[in-house]
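**Q** First the structure, then my questions, so here it is.
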């Protein structure tokens, strides 16, 4: 291989709602050939895999035609998927959002496109992406939270993802913050996810409206309360609605309790929070940081930056590519 030839790695971010695919230069840089399409998991596992394969081929073709180069210049594919997973076998053990059980995702994709591939948890990948090229670049110890349909988490210690003994480490959304609290989709009670995920924020807002609280939120959706989302609540905050602001402050308190637990256990240098909810900016981060100060050891809290992610939309793709590099070449 001549030194002039650029090598690429493909990143695939498979989510419950969307699939995102793109290519990165091996040494890092901008995501190119970026594609996003709905997952449409109700159409079955084969449909989803075929869609991933098609998107990968389209991205590769676009980047190679733009930059010149051959198929040999593609080193391989990193795939991020909801878990739990068996990373060594490349198998999705089960994922409620997609309805898959013991599904050999890695090899189905790798064999179809004739490239080596790796598989890791989607939230691990998002955190690793922020560590490689985003908000946590150059930080030794970082914990990531992704706030979306659920709450995912990832832990990076000394530049490597911490997986735990059976690949389950980083399930931050399922730490208990209220032992007799709300029921979570996982079957447990009082999980952080049951309070601060996107749907949980919307649900808490609707409960208040149904109890007769004065707010513009119901007008914003024409009285159709089922249309209220976390984004509606955020818009209400920006519009100066008192109740929406209260819901956002409560969200910050729940997240603050979770982040304080993480800070006290792991003493990280940085906590990166990403996902749609972070668009609320200081409306979220100011009360969140205040709650963390109240609940964590001062020596740990003072040394930990709590920041929004810098790679909205691409952190998972970037991190999946980084995982491939790390597993294939032993470094990122």
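The values are calculated or read from the model by the stated rules, or taken from the named source; none is laboratory data. Predicted model only: the values in this text are computed from it and were never measured. Virtual Cβ from ideal backbone geometry, glycine too; neighbours counted across all protein chains shown.
**Q** Would you be able to say whether some residue in segment 309-322 is crowded, with 19+ Cβ neighbours inside 10 Å, over 16 Å from the mean Cα position of the chain (by Cα) and on the phi < 0 side of the Ramachandran plot?
**A** Step one: list which residues in segment 309-322 are crowded, with 19+ Cβ neighbours inside 10 Å, which gives 309, 311, 314-322.
Within this subset, residues satisfying the condition of being over 16 Å from the mean Cα position of the chain (by Cα) are none.
Checking segment 309-322: not a single residue is crowded, with 19+ Cβ neighbours inside 10 Å, over 16 Å from the mean Cα position of the chain (by Cα) and on the phi < 0 side of the Ramachandran plot.
**Q** State whether the residues of segment 15-32 include one that is within 19 Å of residue 120 (Cα to Cα), out of contact with any helix residue (DSSP H, G or I) (no Cβ under 8 Å at 6 or more places or on another chain), surrounded by fewer than 16 Cβ atoms within 10 Å (Cβ to Cβ) and in contact (Cβ under 8 Å) with a residue 24 or more places away in the chain.
**A** yes
**Q** Could you please let me know if residue 300 is surrounded by fewer than 20 Cβ atoms within 10 Å (Cβ to Cβ), touching a helix residue (DSSP H, G or I) at 6+ places or on another chain (Cβ under 6 Å), at pLDDT 95 or above and part of a helix (DSSP H, G or I)? Give the steps one after another, and end with the answer.
**A** On the way: surrounded by fewer than 20 Cβ atoms within 10 Å (Cβ to Cβ): yes; touching a helix residue (DSSP H, G or I) at 6+ places or on another chain (Cβ under 6 Å): yes; at pLDDT 95 or above: yes; part of a helix (DSSP H, G or I): yes.
Yes.
**Q** Among the residues of segment 33-74, what is the count of those that are without any contact (Cβ under 8 Å) to a residue 24 or more places away in the chain, in a loop (DSSP other than H, G, I, E, B) and under 24 Å from residue 312 (Cα atoms)?
**A** Matching residues across segment 33-74 total 1.
**Q** A further question follows. Would you pick out the residues in segment 181-194 that are buried (at least 19 other Cβ atoms within 10 Å of the Cβ) and in contact (Cβ under 8 Å) with a residue 12 or more places away in the chain?
**A** Filtering segment 181-194 for residues buried (at least 19 other Cβ atoms within 10 Å of the Cβ) gives 184, 191-194.
Within segment 181-194, 191, 192, 193, 194 meet the criteria.
**Q** Looking only at residues in segment 303-332 that are part of a strand (DSSP E or B) and in contact with a helix residue (DSSP H, G or I) (Cβ under 9 Å, 6 or more places away or on another chain), which one is farthest from residue 267 (Cα to Cα)? Spell out how you get there, then give the answer.
**A** From segment 303-332, those part of a strand (DSSP E or B) are 305-308; that's our starting set.
Keeping just the survivors that are in contact with a helix residue (DSSP H, G or I) (Cβ under 9 Å, 6 or more places away or on another chain) gives 306-308.
Working: 306: 12, 307: 15, 308: 18 Å.
Top of the filtered list is 308.
**Q** A further question on this structure: Among the residues of segment 94-121 satisfying the criterion of being modelled with pLDDT of 95 or more and within 22 Å of residue 172 (Cβ to Cβ), which is surrounded by the fewest Cβ atoms within 10 Å (Cβ to Cβ)?
**A** Here the residue is 120.
**Q** If I filter segment 301-308 for residues that are within 30 Å of residue 24 (Cα to Cα) and within 15 Å of the chain's Cα centre (by Cα), do I get at least one hit?
**A** Checked against the condition, which is being within 30 Å of residue 24 (Cα to Cα) and within 15 Å of the chain's Cα centre (by Cα), segment 301-308 yields at least one hit.
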